[in-house]
Structures are given as C-alpha cells and as structure tokens.
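Chemist: My questions will all concern the structure given below.
Nothing in this text is a laboratory measurement; each read-out follows from the coordinates by a stated rule. Keep in mind that this is a model prediction, so the values were computed, not measured. Glycine also receives a Cβ, built like all others from the backbone with ideal geometry; neighbour counts cover every protein chain displayed.
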Amino acid sequence: MAIEIEGKSLETDEEGYLVNLKDWVPAVADAMAKEDDLELTEEHWEIINFLREYYEEYQIAPAVRVLTKAVGKRMGKDKGNSKYLYALFPYGPGKQACRFAGLPKPTGCI
Amino acid sequence: MAEEIKNFLYLNRRAPYGTIYAWESLEVVLIGAAFDQKVSLAFLDDGVFQIVKGQDTTGVDMKNFSPTYAALGDYDVNQLYVERESLEERGLTVDDLMHLTWEDEDEDWAEKDSIRVVSRAELAKIIEQQDVVFSF
C-alpha cells in the first residue's frame with residue numbers, strides 16, 4: 001500500500017502505518033486523519049508531537065496505557081485519561097495517533 | 001473475570017548484538033507488561049552488556065535499542081536484577097551501567113532506581129520464587 005503526500009508516494013504497511021519513519025512530514029498526519037474523517041486540531045497535534053518525542057527518546061511507540069500515564073505527567077490529569085484521548089483519537093490513541101505520527105504500531109498493542 | 005497475577009522473570013544472558021535474543025526479550029517484556037503481570041528482569045553472563053551505557057552500534061549494522069530499556073519504568077517494570085559475579089567477571093561495576101529508574105506516581109513521581117545488584121546465590125532464590133521464568 002501507499003499514501004500520496006505532496007506529490008510523493010509513501011509506502012505503508014497493510015495496517016496503514018508508514019514503512020519508513022523518515023518519510024514522515026506533517027502532511028502525512030493530515031492526510032491520514034482525512035481518511036479517518038477527522039480534522040486535526042491543536043489538541044491532536046499536542047499528542048502527535050508528544051509521541052514523536054517519545055519515540056525519539058526511547059525508540060519505541062508506547063502502549064496506550066503508557067501513553068496515557070506519560071501525557072498525564074506532562075500535560076496534567078485532565079488530558080492524561082482515556083476519555084480525553086479516545087475523544088481525540090476514536091480508533092485508539094495508541095494505534096491511531098501513532099499511525100498519524102508516522103511511528104510503528106505501539107509495542108504492547110495486540 | 002478473575003485474573004491471576006503471576007510473577008514473570010525474564011533472564012537475559014546474551015550479549016545485546018550479534019543475535020536477536022536481547023531485542024526479542026525486550027519486546028516480549030514490553031508486550032507482557034501490558035497484561036498486568038508482575039514482571040522482573042535479570043541480567044547475567046554476557047547479558048549484563050545489554051544495559052551498559054554509551055552503546056554505539058555504528059559498526060555492526062544493528063539498531064541501538066539500548067534507549068528502550070529506559071522506557072521499562074513507564075511500563076511498570078521496575079525490578080531489574082543484575083548478577084554481581086557476572087559484572088565482576090567482565091571487569092564491570094554498576095557505574096558502567098545505564099542509570100535506569102522508574103517514577104512512583106503515588107509519591108509525586110519520585111524517581112527511584114530500578115537496578116539491584118544481587119549475588120549469584122540471591123539470584124537463585126529470586127528465580128525460585130517465580131511462577132514463570134523465560135530465558136533468553
């Protein structure tokens with residue numbers, strides 16, 4: 001599979017995750033969100049950017065439980081909870097947000 | 001549904017690169033930790049090299065996954081046993097290891113050490129207390 005971004009065709013796996021992390025540009029997230037009928041807001045970007053930083057530091061995409069806890073620590077309890085994160089990413093903050101962020105499927109996500 | 005919490009111990013005995021064992025073990029640990037089991041890790045024999053600091057894989061064409069050990073605390077894996085004899089036999093001390101910590105949410109995210117250096121005899125006792133032991 002592939003996704004068309006800014007005139008380039010980027011390879012994705014069978015679940016829609018980018019194959020090459022280095023292909024990622026913000027337009028990837030916008031395009032993937034559109035396919036999922038979502039419009040990305042500042043709140044979405046806050047989580048997407050946080051995931052990219054997490055990956056940069058630890059070389060893994062965190063499981064949703066870990067993401068929730070880490071967001072809570074960084075941004076406060078009103079954001080570090082399942083309700084808030086699932087409202088932003090209805091297909092699952094781990095799976096969907098990681099896909100938008102150009103990361104692999106979270107480690108510990110079955 | 002009643003769920004039984006078991007004690008899982010992962011034994012890491014091999015050098016980090018050259019084979020896939022160390023990385024596979026780490027992935028299994030992270031996946032297993034999502035199931036609310038009590039997970040601990042032990043590093044012995046050449047496995048102690050897995051958590052040595054300052055790893056550089058430029059020459060071996062493998063991903064340097066050592067930063068991922070620092071994420072274990074986030075996954076509530078905060079019992080990392082390191083066998084003293086294995087360190088000594090390799091001329092290493094605890095200061096050669098990465099400083100791995102976890103943050104205690106119940107104590108305002110106080111940072112606590114995850115690594116505990118134990119003797120071979122102590123490790124044998126720890127292994128005895130486990131429900132499940134995986135050796136990598």
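Chemist: State whether the stretch B:7-135 is rounded, prolate or oblate according to the following rule on the C-alpha gyration tensor (a ≥ b ≥ c being the square roots of its eigenvalues): a/c under 1.5 gives rounded; otherwise a/b larger than b/c gives prolate, and the remaining case gives oblate.
Modeler: Working: a/c = 1.33, a/b = 1.17, b/c = 1.13.
It is rounded, given that a/c, with a ≥ b ≥ c, falls under 1.5.
Chemist: Hey, can you grab everything whose amide H is under 5 Å from the amide H of B:TYR81? Only 5+ residues off in sequence or another chain; H modelled, so Pro and N-termini drop out.
Modeler: B:LEU41, B:ALA42, B:PHE43, B:ARG116
Chemist: Could you work out the local net charge near B:LYS38, counting Lys and Arg as +1, Asp and Glu as -1, over the other residues with Cβ closer than 14 Å to its Cβ? All intermediate terms of the calculation are to be shown ahead of the outcome.
Modeler: Details: positive: B:LYS6; negative: B:GLU3, B:GLU4, B:ASP36, B:ASP76, B:ASP131.
Charge balance in the 14 Å sphere: -4.
Chemist: Just the number, please: percent antiparallel of the DSSP beta bridges in the protein assembly as shown, rounded to the nearest 5.
Modeler: Working: 10 of 27 bridges.
Of those bridges, close to 35 percent are antiparallel.
Chemist: In peptide A:63-74, how many Cβ atoms from other protein chains are near each Cβ within 10 Å, on average? Don't skip to the answer; put the middle values down first.
Modeler: Values: counts 7, 1, 6, 8, 1, 0, 5, 3, 0, 2, 4, 0.
Per residue, the average neighbour count from other chains is 3.
Chemist: Limiting things to C-alpha atoms, what are the Rg and the maximum Cα-Cα separation (Dmax) for the protein assembly as shown, in angstroms?
Modeler: 19.6, 63
Chemist: Using per-residue counts of other Cβ atoms within 10 Å, averaged over each peptide, order A:88-100, A:46-58 from highest down.
Modeler: Details: A:88-100: 21.5, A:46-58: 17.8.
Per-residue mean Cβ counts within 10 Å order the peptides as A:88-100, A:46-58.
Chemist: Would you mind computing, in nm to one decimal, how far apart the modelled labels at A:ALA87 and A:GLU14 are, each placed 7 Å from Cα along Cα→Cβ?
Modeler: Here the answer is 3.6 nm between the modelled labels.
Chemist: Name the residue farthest towards the positive end of the dipole of the stretch B:7-135 from the options B:ASN7, B:ALA124, B:ALA70, assuming +1 on Cβ of Lys and Arg, -1 on Cβ of Asp and Glu, about the Cα centre.
Modeler: Checking the options against the dipole of the stretch B:7-135, the answer is B:ALA124.
Chemist: Return the tail of the calculated pair distribution for the stretch B:37-94, meaning the percent of Cα-Cα pairs more than 14 Å apart.
Modeler: Working: 999 of 1653 pairs.
Considering the stretch B:37-94, 60 percent of its Cα-Cα pairs are separated by more than 14 Å.
Chemist: Going through the cross-link list A:LYS8/B:LYS53; A:LYS8/A:LYS73; B:LYS63/B:LYS112; A:LYS73/A:LYS105; A:LYS69/B:LYS53; A:LYS95/B:LYS112, which pairs have a Cα-Cα distance over 32 Å in this structure? Present the calculation step by step, with values, prior to reporting the outcome.
Modeler: On the way: A:LYS8/B:LYS53 40 Å; A:LYS8/A:LYS73 37 Å; B:LYS63/B:LYS112 28 Å; A:LYS73/A:LYS105 22 Å; A:LYS69/B:LYS53 26 Å; A:LYS95/B:LYS112 30 Å.
In this structure, A:LYS8/B:LYS53; A:LYS8/A:LYS73 lie more than 32 Å apart at Cα.
Chemist: Over all pairs of distinct alpha carbons, what does the Kirkwood formula give as the hydrodynamic radius of the stretch A:1-81, in Å?
Modeler: 13.9 Å
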